[in-house]
């Protein structure tokens, strides 16, 4: 499978081998939480998005370096330094062993694709983790349980959690409660249905 992501496309993921197109997890989440960034000025939002991209790259490299697959990244300067410290603290505390890092995957049944941050082994538990730098939102659990966990290669995860890193060098790992998983799966599927309905009837 050779997946390409084009942000802003009608369906943001495409399998270049088969030509099949997929909604992205982000597109589904935007249906469920349309006002997540509605009050944020464009300049601030753009800077936050770039920060998120940079930190995801750094986090991925830190994890891959644990298995000797790349050189360990140096600590960045400026505003990213504290987030880097938080990632290092998480790694020191939990000693994750990376299984998958930033590997795109699909849910063929729903027609959705995405790129989970990482699947790691912590102790004897296989855990699906998503990295966040902002505040907590309900859809973060939906992204994990309804989106990423249902994709090929990620269903084997026994636990899911959102890793919130902060610029003061601290972090919080928030596990998803088992009792809440089915709700978030259903909510995500509802978002996919809305997107399919919009495309079918030309509603924007």
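The values are calculated or read from the model by the stated rules, or taken from the named source; none is laboratory data. The model shown is predicted, which means the values in this text are computed figures rather than measured ones. Every residue, glycine as well, gets a Cβ built from its backbone with ideal geometry; the counts of neighbours run over all protein chains shown.
Key figures for this structure:
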read-out	value
When residues of the range 149-174 are limited to those that are over 20 Å from residue 56 (Cβ atoms) and either in contact with a helix residue (DSSP H, G or I) (Cβ under 8 Å, 6 or more places away or on another chain) or in contact (Cβ under 8 Å) with a residue 40 or more places away in the chain (or both), the one surrounded by the most Cβ atoms within 10 Å (Cβ to Cβ)	150
Residue that is surrounded by the most Cβ atoms within 10 Å (Cβ to Cβ) [pool: residues in the range 103-114 that are in contact with a strand residue (DSSP E or B) (Cβ under 7 Å, 6 or more places away or on another chain) and part of a loop (DSSP other than H, G, I, E, B)]	104
Candidate set from the range 115-125 (those that are within 13 Å of the chain's Cα centre (by Cα) and in a strand (DSSP E or B)); member that is nearest to residue 85 (Cα to Cα)	118
Selection from the range 1-20 of residues that are buried (at least 16 other Cβ atoms within 10 Å of the Cβ) and part of a strand (DSSP E or B)	3, 13, 14, 15
Selection count, the range 62-93, where residues are in contact with a strand residue (DSSP E or B) (Cβ under 9 Å, 6 or more places away or on another chain), in a helix (DSSP H, G or I) and without any contact (Cβ under 8 Å) to a residue 40 or more places away in the chain	4
Residues of the range 58-84 satisfying the condition of being within 18 Å of residue 104 (Cβ to Cβ) and modelled with pLDDT under 95	69
Subset of the range 129-138 that is assigned to a loop (DSSP other than H, G, I, E, B) and touching a residue at least 40 places away in the same chain (Cβ under 8 Å) - its residue that is farthest from residue 35 (Cα to Cα)	133
Search result, residues across the range 170-184 that are part of a loop (DSSP other than H, G, I, E, B) and within 18 Å of the chain's Cα centre (by Cα)	176, 177
Residue in the range 185-201 that is touching a helix residue (DSSP H, G or I) at 6+ places or on another chain (Cβ under 6 Å), assigned to a strand (DSSP E or B) and surrounded by 13 or more Cβ atoms within 10 Å (Cβ to Cβ) present	no
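The rows are residues; the columns are (1) closer than 21 Å to residue 96 by Cβ; (2) in contact with a strand residue (DSSP E or B) (Cβ under 6 Å, 6 or more places away or on another chain); (3) part of a strand (DSSP E or B); (4) at pLDDT 95 or above.
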{"site": "127", "(1), (2), (3), (4)": "yes, yes, yes, yes"}
{"site": "140", "(1), (2), (3), (4)": "yes, yes, no, yes"}
{"site": "164", "(1), (2), (3), (4)": "yes, yes, yes, yes"}
{"site": "168", "(1), (2), (3), (4)": "no, no, no, yes"}
